[in-house]
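Participant: This is the structure I want to talk about, given as structure tokens.
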Amino acid sequence: MLELRTRDLVSRALLIKIQRTKTEEREKKMTLGLINANPVVQAKKEGLLRVVSEESVTVDDKLDRILITFTPTIQHCSMANIIGLCLRAKLKECLQLHYKVDIRVSPGSHADEVSVNKQLNDKERVVAALENPNLRQLVDECIYSDEI
Amino acid sequence: MKVMDKNLGLEEVQKLEGHTDRVWNVAWNPAADGVIASCSADKTVRIWEQSSLTRSWTCKAVLEGAHTRSSVSVLRGHESEVKSVSWNASGSLLATCGRDKSVWIWEIQPEEDDEFDTIAVLTGHSEDVKMVLWHPTMDVLFSCSYDNTIKIWCSEDEDGDYNCVQTLSELNNGHSSTVWSISFNAAGDKMVTCSDDLAVKIWKTDISRMQSGEGYVPWTHVCTLSGFHDRTIYSVHWSRDGVIASGAGDDTIQLFVDSDSDSVDGPSYKLLVKKEKAHEMDVNSVQWAPDKESRLLASASDDKMVKIWKLASEP
């Protein structure tokens, strides 16, 4: 029972809305701590993206471990790292601290799967990325955008 | 001293509370008994001292930014966070490393009011360098990285230029993921490393050959300890009396020793103690006290605690 509740909590917390807005307003060249490429947030329209569904959250309440898998929309999605970071940032606020969380892209869904997974699960790198002001701002915009 | 007593356990001596965020690292003062420094994500360094009367530790100082202490020297050069620092045995050289993938060596200039000169900027790692450590007796520098390798640097020519003389990678029995920590045994002829690949590896070299001035003698793999931790192993430390401590993301602290069995394949190691739930969260650092008798171990964790443990016979 506890397992289901935790899972529900987690997936609701992760209803991250990734706002895509006009290139001219949001284009930022960022030195990303996490990834080498400089993703530019480009979009054609305003849209909300539901990144994680309930099925992709696995909870092991005995060991206090959570596995979250998410599926980037395209194989070479440069947003994969950002999405992962957003998940980390959101979870940090919502979840009891003792859970160990692993975040991965769903197998076969991304060209740099191994590299993305490795970065998202290196806590030192995640902390460094979230201390980068540009990245932090982007992440905050993503996770707080729906709060009115 | 052989550590073969079957009833040994790790007993919690004290919990040092005070930090308000995860504690990344602890270090024992090599000269002053019972003095520990800890650094935290709360942006402070705390100094804890053991009272000679009560034998318990209290926080003696909290070092924050520019407030408490005036700095003597500021060493600039790294392009992003500096993750680890290490003094060589004689205290004349300081090595640093960071997320910018480089390793820097600084030499202290006593005639110039203790200024530090950069004598080397070593690039070679393809990713963040997690830790640097000087060999305990020779000026040979070791670094480990997110690129899964351990690199060994020394100065072989008269110019004093440091070069990478060996890389321990997956190709020569090395780790298959980020290497987080390195430690040497007291004699300096063995080294232990730990990784995100959930293994602890032991390496050795022929120290007498190396000290005789023959030139660089390569390190070789001795054995791999796997199946003990099931989360990233962040720290390993080899005590002066031969006990290897490891701390990991599974919240445990484990101790290993030379199994002392005569095996054809060479030395092997076995688990001495497994301390489950040593902390409430990831164990980031384990460090043995530098003296030979106390058998005290300090640990730092994401749970904001520093703990002091004693390796002793269980009742």
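Participant: Report yes if some residue within segment B:130-142 is at positive phi and surrounded by fewer than 23 Cβ atoms within 10 Å (Cβ to Cβ); otherwise report no.
Facilitator: Step one: list which residues in segment B:130-142 are at positive phi, which gives none.
No, segment B:130-142 contains no residue that is at positive phi and surrounded by fewer than 23 Cβ atoms within 10 Å (Cβ to Cβ).
Participant: Here are some conditions: (1) open to solvent by 50 Å² or more (accessible area, probe 1.4 Å); (2) modelled with pLDDT of 95 or more. B:Lys151 meets all but one. Which one does it not meet?
Facilitator: (1)
Participant: B:Leu94 versus (1) open to solvent by 40 Å² or more (accessible area, probe 1.4 Å); (2) at pLDDT 90 or above: which is the lone unmet condition?
Facilitator: (1)
Participant: Counting only residues that are outside any strand (DSSP E or B) and among the charged types (D, E, K, R), which one in segment B:19-56 is surrounded by the most Cβ atoms within 10 Å (Cβ to Cβ)?
Facilitator: Applying the first criterion (outside any strand (DSSP E or B)) to segment B:19-56 yields B:19-22, B:29-34, B:41-43, B:51-56.
Right, trim to among the charged types (D, E, K, R) and you get B:21-22, B:33, B:42-43, B:55.
On the way: B:Asp21: 12, B:Arg22: 20, B:Asp33: 14, B:Asp42: 16, B:Lys43: 11, B:Arg55: 10.
Across segment B:19-56, the extreme among qualifying residues is B:Arg22.
Participant: Farther than 26 Å from B:Val23 by Cβ, surrounded by fewer than 18 Cβ atoms within 10 Å (Cβ to Cβ) and more than 13 Å from chain B (Cβ to nearest Cβ), is that true of A:His76? Even if it seems obvious, please write down each step before you answer.
Facilitator: Details: farther than 26 Å from B:Val23 by Cβ: yes; surrounded by fewer than 18 Cβ atoms within 10 Å (Cβ to Cβ): yes; more than 13 Å from chain B (Cβ to nearest Cβ): yes.
Spelling it out, A:His76 is indeed farther than 26 Å from B:Val23 by Cβ, surrounded by fewer than 18 Cβ atoms within 10 Å (Cβ to Cβ) and more than 13 Å from chain B (Cβ to nearest Cβ).
Participant: Checking the conditions here, which among B:Ser51, B:Ser102 is in contact (Cβ under 8 Å) with a residue 24 or more places away in the chain and more than 14 Å from every other protein chain (Cβ to nearest Cβ)? Spell out how you get there, then give the answer.
Facilitator: Values: B:Ser51 fails: in contact (Cβ under 8 Å) with a residue 24 or more places away in the chain.
None of the other options fit; the residue is B:Ser102.
Participant: Do any residues in segment B:177-190 that are closer than 26 Å to A:Val116 by Cα have Cβ atoms under 8 Å from those of residues that are of a type in the set (Phe, Trp, Tyr) and surrounded by 24 or more Cβ atoms within 10 Å (Cβ to Cβ), where the two are at least six apart or on different chains, and which pairs are they?
Facilitator: B:Trp180/B:Tyr234; B:Ser181/B:Tyr234; B:Ile182/B:Phe142
Participant: Search segment B:221-240 for residues being out of contact with any Leu (no Cβ under 9 Å at 6 or more places or on another chain) and either in a loop (DSSP other than H, G, I, E, B) or away from every other protein chain (no Cβ under 14 Å) (or both), and hand back the single one that is surrounded by the most Cβ atoms within 10 Å (Cβ to Cβ).
Facilitator: B:Val236
Participant: Of the residues B:Ser261, B:Ser239, B:Ser246, B:Ser235, which single one is modelled with pLDDT under 95 and not β-branched (Val, Ile, Thr)?
Facilitator: B:Ser261
Participant: Answer yes or no: is there a residue in segment B:249-271 that is within 14 Å of another protein chain (Cβ to nearest Cβ) and in contact with a Phe, Trp or Tyr (Cβ under 8 Å, 6 or more places away or on another chain).
Facilitator: yes
Participant: How many residues, within segment B:74-93, are over 15 Å from the mean Cα position of the chain (by Cα) and not in a loop (DSSP other than H, G, I, E, B)?
Facilitator: The qualifying residues number 2.
Participant: Here is a follow-up. Of everything in segment B:126-153, what is within 14 Å of chain A (Cβ to nearest Cβ) and of a type outside the set (D, E, K, R)? Give them in sequence order.
Facilitator: B:Ser126, B:Val129, B:Met131, B:Cys144, B:Ser145, B:Tyr146, B:Asn148
Participant: Limited to segment A:116-148, what total is found for residues that are open to solvent by 60 Å² or more (accessible area, probe 1.4 Å) and either within 14 Å of another protein chain (Cβ to nearest Cβ) or touching a helix residue (DSSP H, G or I) at 6+ places or on another chain (Cβ under 8 Å) (or both)?
Facilitator: Number of matching residues: 4.
Participant: May I pose another question? Looking at B:Trp104, B:Trp203, which one is open to solvent by less than 50 Å² (accessible area, probe 1.4 Å), closer than 22 Å to B:Ser239 by Cβ and assigned to a strand (DSSP E or B)?
Facilitator: B:Trp203
Participant: Within segment B:178-192, can you find the residues that are more than 14 Å from chain A (Cβ to nearest Cβ), of a type outside the set (S, T, N, Q) and open to solvent by 10 Å² or more (accessible area, probe 1.4 Å)? Talk me through it step by step, then tell me what you get.
Facilitator: To start, the set of residues in segment B:178-192 that are more than 14 Å from chain A (Cβ to nearest Cβ) comprises B:182-192.
Subsequent filtering for residues that are of a type outside the set (S, T, N, Q) retains B:182, B:184, B:186-192.
The answer is B:Phe184, B:Ala186, B:Ala187, B:Asp189, B:Lys190.
Participant: While we're looking at this one, here's another question. Taking the conditions exactly as written (open to solvent by less than 20 Å² (accessible area, probe 1.4 Å), within 14 Å of another protein chain (Cβ to nearest Cβ) and farther than 23 Å from B:Asp42 by Cβ), does A:Leu63 satisfy them or not?
Facilitator: no
Participant: Which residues, taken from segment A:79-101, are within 13 Å of another protein chain (Cβ to nearest Cβ), touching a residue at least 12 places away in the same chain (Cβ under 8 Å) and open to solvent by 30 Å² or more (accessible area, probe 1.4 Å)?
Facilitator: A:His98, A:Tyr99
The values are calculated or read from the model by the stated rules, or taken from the named source; none is laboratory data. Quantities reported herein were computed from a predicted structural model and do not represent experimental measurements. Cβ atoms come from the backbone with ideal geometry, glycine included; neighbour counts cover every protein chain shown. Side chains are part of the model used for accessible areas, which takes the heavy atoms of the whole protein and leaves out ligands, DNA and RNA. Shrake-Rupley method; radii C 1.70, N 1.55, O 1.52, S 1.80 Å.
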